[in-house]
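Working notes, beginning with the structure itself.
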Amino acid sequence: MTVLVTGSAGHLGEAILRMLRGRGSPVHGVDLKASAFTDAVGSIADLDFVRNQMAGISAVIHTATLHKPHVATHTKQDFVDTNVTGTLNLLEAAVAAGVKSFVFTSTTSAFGSQLRPEAGQPVVWVTEDLPPVPKNIYGTTKLMAENLCELFFRERGLPVVTLRTSRFFPEDDDDPAMRSAYLPENAQANELLYRRLDIADAVSAHLLAVARAPEIGFARYIVSATTPFEPHHLAGLARDAAGVVRTLYPDCAELYAARGWRLFPEIDRVYVNERARRELGWRPEFDFAHVLNCLREGHDFRSTLAREVGSKGYHDTVFDDGPYPVAS
C-alpha cells in the first residue's frame, strides 16, 4: 500500500514520512516547500498537481494546512484555497483513483468558542459530542473541510477518518503572556495534562486511522494525550488546577521545584481521547505521568521522533515582538 502524505515539510507530515520510511513502507510526500521528505513540490489547491500525485496511491494522509499562526499573515481567501479547496481536490482525486483510506488532520480549534467556560462555570469537558463553534478563519475552514470529508463518505463511499489533534508543535506559545510566564518545556509539560500530545502519538493515531478507515467508514476523533482528570475534577480545576494535580501526583511539587517549574493555577478545558482509544485501539504513550517519570530519571520527556523533527516555525519572517505577528 502506497501512502500519499500532504504537508511533508511540516511537523506532522515529516514525522509520518520518517516513521513510514523507517518501516520500509512505500510513501509519497508532497508540499509547497522542498524538503528531504518532499517527493513532489506543488500546491494542493492545484487540481492538476493533485491528480498527478494520486497515481498508484492506496491511502491518503492529509496534513497540509494553513495554521492558526497564519491568521494574521494570510487572507481568508488563502485559508479557503488551502484548507477547503485543497481538501476538496484531494477528495475528488482520491475517489477517482480508487483510494481505500483517507485520513484528514483536523484540529481541536474547530471547537473554538466552546473551549472557554462562562465565568464561574466548571472547566469544559471536551468530547466529540461538543458542538463546534469556530472563532476564526482557521477553525472555520478546518470544520468546512471536515464536512467535505463526511460528504464524500456519504455520497461517494470514500472511507474517511478525521482526527482533531491538540497541539503538538514544539515552538513557543502564540500567547505572549504565556511565553513570558513559563519556559516552553514547562508550559508544554503542563499542557500534557489536558491539551497537548507528543508528535509520536499523533503519528500512531494517523497510522491506525489509515488501517481502520475502511471498516469505520467515517468518524471524527479527538487526539490528545490521555488526561488524568475525570468529570468530578472540573469544578476544582477552574478554582485551583495546581492543587488538583498535586493531589493526583503527590511528588509533582518536588519534581517541579527542582527544575524551577510551576503548574498552571487554572485551566479552561480538558480534551478527552476515550473514543479514539476505544474505536481505533490507540494507545498514546506520552502523558503527564510520563513527564514526571522523565523528571525523576533526568530524561527529556519528548519522544525521539519529536526531537528528530524539531522546531520549524510557521513564518519565514522574523517579527519584532516574538515568533508570531499577533496573539490570535
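Where a number appears in this text, it was derived from the coordinates with a stated rule and is not lab data. If you're wondering where the values come from, they're calculated on a predicted model, not measured in any experiment. Note that we place each Cβ from the backbone using ideal geometry, even for glycine, and neighbour counts take in every protein chain shown.
The spacing between region 46-112 and region 204-233, judged by their C-alpha centroids, is 20 Å. For region 3-309, the number of Lys pairs with C-alpha atoms closer than 18 Å, counting only pairs eight or more positions apart or on separate chains, is 5. Rounded to 0.05, the FRET efficiency of the Glu279 and Arg307 pair, given R0 = 22 Å and the Cβ-Cβ distance, is 0.15. Taking 0.36 nm per residue of separation and subtracting the current Cα-Cα distance, fully stretching the chain between Arg156 and Lys33 would add 41.2 nm.
Per DSSP helix of 4 or more residues, -39500 (n - 2.57); summed, then divided by the residues of the chain. What does that give at 222 nm, rounded to the nearest 500? After summing the helix terms and dividing by residue count, I get -12000 deg cm²/dmol. Using only side-chain charges placed at the Cβ, +1 for Lys and Arg and -1 for Asp and Glu, the dipole size of region 1-54 relative to its Cα centre rounds to 240 debye. Per residue, the convex hull spanned by the Cα atoms of region 5-85 measures out at 88 cubic angstrom. Note on the chain: dipole from Cβ charges, positive end direction compared against Val3, Leu237, Leu163; the farthest Cα belongs to Val3. Sorting Lys68, Lys76, Lys142 from the fewest to the most surrounding beta carbons within 10 angstrom yields Lys76, Lys68, Lys142. Expressed as a fraction of 2.2 N^0.38 Å, the value expected for a compact globular protein of N residues, the C-alpha radius of gyration of region 197-286 is 1.33.
In region 3-309, taking the dipole from charged Cβ atoms about the Cα centre, the farthest positive-side position among Ile44, Ala209, Val99 is held by Val99. Ordering of 268-277, 290-299, 40-49, 159-168 by packing is 159-168, 268-277, 40-49, 290-299, highest average first (other Cβ atoms within 10 Å, averaged per residue).
Relative to the 2.2 N^0.38 Å rule of thumb, the chain has a C-alpha radius of gyration ratio of 0.98.
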